[in-house]
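Nothing in this text is a laboratory measurement; each read-out follows from the coordinates by a stated rule. Just so we're clear, the structure is a prediction, and the values are computed from it rather than from any experiment. Positions of Cβ are backbone-derived with ideal geometry, glycine not excepted, and every protein chain shown enters the neighbour counts.
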Amino acid sequence: MVKFLRLALALGIMTLLVVTGLILKTVLAQGDPPSLPPDHPYAAFIDSHNAAIRAGATAEWRKLEGVAVDTVHHRVYFAASYVDSGMADGQGDIQLVANSCGIVYAGDLNADYDIAAVYPYVVGSLDGMCNPDNLFVDSQGNLWIGEDSGVHANNFLWMWDGTELKRFASMPAAAEVTGLRIQPDGTLFLNFQHPDAGSIAPYNQPLIGVVTGFKAGDAFESLPLPSGDDTRRLVLAAGEYTILGYVGNPISATSTELLGSITNPNGESILACPAPDGNMFLPITANEGDLYTNFECRPGTVSKMHLQRDDAGNWSVTEGEMVNFVEIGGTWNNCNASVTPWNTGLTSEESPPDTAAIWGVWQAGAPLLDSYLGVKSNPFNVGYAVELIPQPSGTQVVKHYAMGRFSQEIALVMPDSKTVYYGDDGDNRVMYKFVADNPGDLSAGTLYAAKISQDGETLNIEWIALGSGNDAAIGAAIAELQPE
């Protein structure tokens, strides 16, 4: 059917007009990858990757992952977990020397929270930081870097103070650092996923937790390389690790829901997701708040745990639930996460089927998403930033279509409450920026993609405007792309 429609459109024989007479409806035949006509009025938002390439943006980045803002030095940091593929093939806009351990790039923010270039800030190496993923900056301006490395047997959480790189935490073998979040008071949240099954209990399972007895910014001695049993458990340079959640167990003592469980409309479990990822802690008081945690599966989900801290500094979970995403068509591969300046969460949907190479990933996960929703899922409805707004009962979820659809590792709002920078995780991907029309409102704005020009190791940026739009109009267009 898709091939027929493409041919008909090319010959000028058939045009399907819907909504306000402008939106082309794409009908997907079973087994075909999704496609969107380049002249679709909302292609910039629904098919951002291909729209960016057509506009001349650079699609050569290799795994743009975490993003962090540094309000002390007025910078934004980007984790490129590898420098290879399109970044180091001697062709195109980026022609760097390959680095299998990646680089953390920095961009200097101007008064409008724009950046004109990025440059190497922390360069990966086999005997140092390798394959940066999670990034966060503490209140003193120290950059924390969590690894997701296939090179190191044990992944590390590092701190870079601008002079020295220090190991703060060593994960159990094969486990990835996830959930890095540092509060203004120095409270450090930390998760990990996929540890080696031979790790020492309880570190032989994915965990959600927080460090107590230490505040980010306090002095500590760098950990040595782990050996012996230390390779099979979580080791901290200071403080203690308090486990807040065991994946697969009840979320709290008062909850019957299981942490990471995804259920269908009948309440039946269809997936137990073992991959806790980004954390979003939304404080209510100095010692109380809601911790939202992404689960990186297809379909994805997010847990909500209500936390309280006692006078001794110990955290506990008083209640919790799994967030319901049915009203927005589900969610997908929820990876890293951020908190907005107005104290809501932003969960990011990674790996939508926006290229033919990823279509098989969608085909494998779509039946479970169908089961979760109780209806047919829409491949054009995943790949967005989703805002989580706590309510007295439950959580309001808002999918921000105006912020674009691509492999969103993270969407991070700058302190101006308007400018957003992203990670676009994958091979030969794009650097994006979004500027909201109004502060504190992500429902409308302009999406930009970066055209790179290289000057040595500095990568200069020309921001190309892909389009301006709003959630309501783009959401209506996506509904018209529902497969038949």
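Assorted remarks:
- Taking label positions 7 Å along the Cα-Cβ direction at both VAL361 and ASP39, the computed distance is 3.2 nm, reported to one decimal.
- Measuring r between the beta carbons of ILE53 and SER139 and using R0 = 30 Å, the FRET efficiency lands at 0.15.
- Pairwise FRET efficiency - ASP185 versus ASP370, Cβ, R0 = 35 Å, nearest 0.05: 0.20
- For the pair ASP108 and ASN438, label points projected 7 Å from Cα toward Cβ lie 3.5 nm apart.
- Share of Cα-Cα pairs in the range 126-183 lying beyond 17 Å, as whole percent: 29
- Using 0.36 nm per residue and subtracting the Cα-Cα separation, the extra length available between ILE389 and VAL151 on full extension is 81.9 nm.
- Stretched out straight at 0.36 nm per residue, the stretch from VAL72 to ALA312 would grow longer than its current Cα-Cα span by 83.4 nm.
- Cα-based helix-to-principal-axis angle, 2-11 vs the chain, degrees rounded to 10: 50
- Taken over the range 60-115, the alpha-carbon convex hull comes to 81 cubic angstrom per residue.
- Candidates TRP362, ILE461, SER316 compared by Cα position along the dipole of the chain: farthest toward the positive end lies TRP362, with charges placed on Cβ.
- Rounded to the nearest 0.05, the FRET efficiency derived from the C-beta distance between ALA201 and GLU457 at R0 = 45 Å is 0.50.
- Difference of contour (0.36 nm per residue) and Cα-Cα distance, ASP161 to ASN249: 27.9 nm
- Orphan Cys of the chain, criterion: no other Cys C-beta under 4.7 Å: CYS335
- The calculated 222 nm mean residue ellipticity attributable to helices in the chain amounts to -2500 deg cm²/dmol, summing -39500 (n - 2.57) over DSSP H runs of n ≥ 4 and dividing by all residues.
- Label zone at ALA476, where the point sits 7 Å out along the Cα-to-Cβ direction: the range 41-61 residues whose backbone N lies under 16 Å: 41-43
- Among MET403, MET129, the ranking by other beta carbons within 10 Å of each residue's beta carbon, starting with the fewest, stands as MET129, MET403.
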